[in-house]
Ligand code: G1P
Ligand code: ZN
């Protein structure tokens, strides 16, 4: 078998501090682009000679072609073996589990998560390490450095590997094992939850709708919810993955999961609704006429996790990303366990999970997970909810009412201002940064600022410091506004404004979130001068 070395120049352009690379699909399809980045990963992780690696993606356009290239490059770089999901498909949490279960040196995950797919949409690739989680900051820095120094890549000349037939094959001297993408993951879920209780819940007539958004979770959800747990046929909708996600935007939030929201807010709504994203790591939960914010969902899971066998002994601690609401902190305080506040991005949970300091973690952006893998896990969150509902005999509404009564309610919303010219977005952040020290004591929109800072994080496990992670402005009474720039967009800059307000008065627990948050929204927009600096009157997306 012939191995070629192809001369190249740095072209990948991964930004420091980001995990993996997301670009327009056509960019990834340009000559040598994918190859260039794959070799940079290989060089950045110290080579793959003699190593085994997992390879799989969310099935979006170009997934299968990219996997053939990755396999040929792994072979040329001396890898011992590749474990690949059938058809090239693995959800991100399933890939994380496979890396851990099979003890591989890591894995290549192909996905642009919740971004649309297709030749004119987005593609992405990232490397996860041996713990199953996104490459650490240190490894990422090495990959970024490799992208700037690369001069050649190695690739084997060979025919395509048949990705569709389960079993063992080979590519030159490298073994290739094609595995069913669902089996191991489903077994893991069975080991965590009380499947008999959930089966009994469905048998009693409990109705659910799961919107797979034409993305990777379809086969997982159908196998687990319908075939194993006995949910009625048709519980899973949009369950057949397609390379462009049915032309949709596979982001499970009230805006993009509109079909599900309409049903859950309509007459005869099912008892429970849920959705997950392109690669299956995000989730949305909604009860009849009741959307559950991801921040509240994390708090519910923390408060009730002991109802599921895997968490019966209680939680070691919890962690949330900084912009996530403080709801889970209040649950943690009541349980006497630590609640860590980390920068945005799942990689910051890795050390805490590995060190056994936290069991559950989550982000306001619809990600929740636990120490069972090292990624957020959409279907896992849905199954934990089902286990809680089955075990407690309560409805979503009763669970939420009790959460707010016992811990107070953190009203929450996020405004996204997308595709802003980078210089204008920077101007908003610089403007805020410049006034931080003058803000405390200032009154705006009837609220008094009591703290303002730019979030920096010292990792409690390895001591690494991460700076400039968003601007926090706290108000007396427990309201907060957070500003940060998105690190995952592919066009221009996105400013995210996260708005939250704690309410503990019993008669103020069922306000409309818009009403409850109006003063915080107004204070945030005034202080940032966002409208003037960007020319934007309104956010593109409110979640
Ligand atoms: C977004 C979310 C963040 C999440 C990331 C990857 O990043 O806000 O919580 O970890 O996607 O799913 P952002 O675009 O805000 O940088
Ligand atoms: Zn995702």
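For the chain, the longest principal axis of the C-alpha atoms and the axis of helix 63-76 are separated by about 50°. In plain terms, if you count all Cα to Cα distances in the chain and split them into 10 Å steps from zero, the share in each step is 4, 18, 29, 27, 16, 5, 1, 0 percent. Relative contact order of the chain: 13 percent, from C-alpha pairs under 8 Å at least 6 residues apart in sequence. Relative contact order for region 183-294: 27 percent, from Cα pairs under 8 Å spaced at least 6 residues apart, divided by residue count. Beyond 12 Å, what share of the Cα-Cα pairs of region 1-50 remains, rounded to the nearest whole percent? Cα-Cα pairs in region 1-50 separated by more than 12 Å: 69 percent.
Taking all Cα pairs closer than 8 Å and separated by 6 or more residues, the relative contact order of region 384-543 comes to 32 percent. Compute the acute angle (0 to 90°) between the alpha-carbon long axis of helix 513-528 and the principal axis of greatest extent of the alpha-carbon atoms of the chain; round to the nearest 10°. On a 0 to 90 degree scale, this one is about 80.
Each of 51, 142, 15, 126 was scored by other Cβ atoms within 10 Å of its Cβ. Listed from fewest to most, they are 15, 142, 51, 126. The label point for residue 180 and the one for residue 316, both projected 7 Å from the Cα toward the Cβ, are 3.2 nm apart.
The long axis of helix 422-435 is offset from the longest Cα principal axis of the chain by roughly 40 degrees. The sum of -39500 (n - 2.57) across all DSSP H runs of n ≥ 4, divided by the residue count of the chain, sets its helix-only mean residue ellipticity at 222 nm to -9500 deg cm²/dmol. When you work out D = kT/(6 pi eta Rh) for region 89-128 at 4 °C and 1.567 mPa s, using the Kirkwood radius from C-alpha pairs as Rh and the Stokes-Einstein form, the result is 118 µm²/s. For the pair residue 398 and residue 526, a Förster radius of 30 Å applied to the C-beta separation gives a FRET efficiency near 0.20, rounded to the nearest 0.05.
Remark: 330, 501 ranked as 330, 501, counting other beta-carbon atoms within 10 Å and listing the fewest first.
At a Förster radius of 51 Å, what calculated FRET efficiency corresponds to the Cβ-Cβ distance of residue 157 and residue 268, to the nearest 0.05?
It comes out at approximately 0.30.
With R₀ fixed at 22 Å, the C-beta to C-beta distance from residue 462 to residue 141 puts the FRET efficiency at about 0.95. Ordering 377, 271, 459, 251 from the fewest to the most neighbouring beta carbons within 10 Å gives 271, 459, 251, 377. The per residue volume of the convex hull around the alpha-carbon atoms of region 48-142 is 98 Å³.
Coordinate-derived values only; no laboratory data. Computed from a predicted model, the values in this text were never measured in an experiment. So basically every Cβ, Gly included, is an ideal-geometry build from the backbone, and we count neighbours across all protein chains shown.
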